[in-house]
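Structure first, commentary second.
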Amino acid sequence: MNRGLAAVVALVVLALAPDASAGLVARYDIDSLPADGSVADSSGNSLNGGARLGDAIADGRFGGAIRLAGGVGTGFNVTNSPLLEPRRLTVATWARKGGPFNVFRTVVGKGGVGCSSSTWALYTAANGGLSFYVNTRDANGQQAPLQTPPIPPEQIWNNQWRAIAGTFDGTEVALWVDGVKVASAEYPGRPVYELDYARQVSEKRLQIGRYDEAGCSAAGFQFFGDLDEVRLYDRALSNTELATLQNPAATEPPVIPDPLPGTTPPGTTLPPSAAPPAAPPIAAPAAVAITQIASLPPAKACASRRKFPIRLRGVKANKIVRAQIKLNGKQVRNITGRALGLPIDLRGLPKGKFNVEIITTDSAGKRLIGKRAYRTCVAKRR
C-alpha cells in the first residue's frame, strides 16, 4: 500500500470510529438486548452492562431501545471501574415517557448511599420533572452538594424522544434538553470542587434506569419510560458539542469530532428555526413566615454560636421532600428522606448579624421560603 492510499484509509477509519478521542468513557447503543441480560458498551472500553431487566423495543431514537416499567430491578448496572469516576463529566441519553410523573426516579446515576443519593445523577426530582445533581467536597473536605433547579414535568415528558444531559465542570452543574441549557447552578465565587466518589460504600456501580442501593431497590427510585443511546464523557462538553450530540434532526447517532489542539471542537449548531425553545425560568419559591416552615429560636434574643436548633413543621402533612437551609445566602444544609423529621442543629454560626433562609419543596414541586435575621451573642468581658 502506498503512502497516499494509507493516509486515505487512516482518515476513513478515524471518521467512522467512536468519539473516544472526545472523552467518551462509555456508550450504550441498546440496539439489541441479548437473552443473557447484558448491554454492550461500544466505546471500546468494554464497560458492559448486566443484570438487565426491561423490554426491547424497535422504535428507539436510533434503532432499538429499552422500555422500563419502573418496577423493582428494572434497568441495568455497570460494574465499577476507575474510568467511571471522572473528575469532570457529561452524562447524556435520549429518554421518552409520559405520565404519571413519578418523583425521585433515577435516569442515570453513579453509585449510591443508603436511600439518599448518588455521587451524581440525572433524575426526576421532587416534582417528577428533570434535574441533575452532584455530591462534591470542597478544599477542606466538607460536603458540598449542588443541583440544578428541576424543570416541570409537562415541559419534558410528552411521550416524545427528548435528548437530556447533565454536565459538571468543577464549579457548575448544568441540565441540557434537546441541545439547550435549561437549568444550571454554581458554587458562590466559583471555587473548584471535586466529585465525592469516596462516599460510595456498598453501591459503586453505574446505574441506568435504577437506584439499586441495598435496601432501596423497592423504594420506587426506578425510572418509568424508554431509554436509548446512553453516554458518559470524562469532561463537560461545550455548547457546540452538546448541540451536535442532541440534534433533534439527526437520523444517525451523532459523533463528536476530535478537537484539534487549541481549538473549539467543530459542531453543527441548530438553526434558529429548528432549535427548541429555551425552558421558562423555574418559579421562585413563595415567601411565607419562617415559623410556618419551621420552629427555631426567636429573633429578639441573641443566638448562641454553639447551638441553634431547628425543627421542620408539617413534613408529613405537607408532603415535604426536601429542605435547604442557607446562612447569609450560602447553603449549609440539604435535607431529604428521614432526616426531614429529625432535629437540626446549626453550629459555628457567623459572628454578628446573619440571615437564615429555609426553603422547602413538597412532592408536587411547590416551594416555600422563610427568612429571619439574627445576631449572635457577644461574650461578656471579665
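Every number in this text was worked out from the coordinates using simple rules, so none of it is lab data. Fair warning: this is a prediction, and the values are worked out from it, not measured in the lab. Neighbour counts are summed over all protein chains in view; Cβ atoms, including those assigned to glycine, are modelled from backbone coordinates with ideal geometry.
Peptides 222-235, 160-173 ranked from most to least packed, by the mean per-residue count of other Cβ atoms within 10 Å: 222-235, 160-173. Mean silhouette area of segment 17-245, derived from the convex hull of its C-alpha atoms and averaged over all directions, reads 11.6 nm². The helix-only estimate of mean residue ellipticity at 222 nm for the chain, built from DSSP H runs of length n ≥ 4 each weighted as -39500 (n - 2.57), is -2000 deg cm²/dmol after division by the residue total.
Principal-axis analysis of the Cα atoms of the chain puts helix 3-16 at an angle of about 40° to the longest axis.
Could I get the Rg over Rh figure for segment 113-223? Both from C-alpha atoms, Rh via Kirkwood, rounded to two places.
Details: Rg = 14.4 Å, Rh = 14.9 Å.
Result: Rg/Rh = 0.97.
Separation of the alpha carbons by more than 23 angstrom is noted, of LYS300/LYS351; LYS204/LYS319; LYS307/LYS371; LYS110/LYS371, for LYS204/LYS319; LYS110/LYS371. Annotation: segment 162-238 has a Kirkwood hydrodynamic radius of 14.9 angstrom, from the mean reciprocal C-alpha pair distance.
Only the Cβ atoms of Lys and Arg (+1) and of Asp and Glu (-1) were treated as charged; on that basis the dipole of the chain about its Cα centre amounts to roughly 3300 debye.
Less than 11 Å Cβ to Cβ from TRP176, Lys/Arg counted +1 and Asp/Glu -1: what total charge do the surrounding residues give?
Working: positive: ARG162, LYS181; negative: ASP178, GLU241.
Charge balance near TRP176 sits at 0.
Using just the Cα positions, wrap segment 286-375 in a convex hull and report its mean projected area in square nanometres, one decimal place.
If you wrap the Cα atoms of segment 286-375 in a convex hull and average its projections, you get 5.3 nm².
Remark: relative contact order (the chain) = 17 percent; criterion is Cα-Cα distance under 8 angstrom and separation of 6 or more residues. If you bin all the Cα-Cα distances of segment 56-155 at 5 Å, starting from zero, the percentages per bin are 2, 10, 19, 23, 21, 15, 7, 2, 1, 0. Put simply, the amide H of GLY112, placed in the peptide plane, has neighbours under 5 Å in THR119, VAL201, GLU203, leaving out anything fewer than 5 places away on its chain. Sequence-ordered 3J(HN,Hα) estimates for segment 184-200 from the Karplus curve with 6.51, -1.76 and 1.60 and θ = phi - 60° stand at 7, 8, 9, 6, x, x, 6, x, 9, 10, 10, 4, 9, 6, 5, 5, 6 Hz, glycine and proline given as x. Using only the C-alpha atoms, the convex hull of the chain corresponds to 172 Å³ per residue. Using only Cα atoms, locate the centre of segment 330-381 and the centre of segment 51-91, then give the distance between them in Å, rounded to an integer. Taking the Cα centre of segment 51-91 as reference, the centre of segment 330-381 is 38 Å away.
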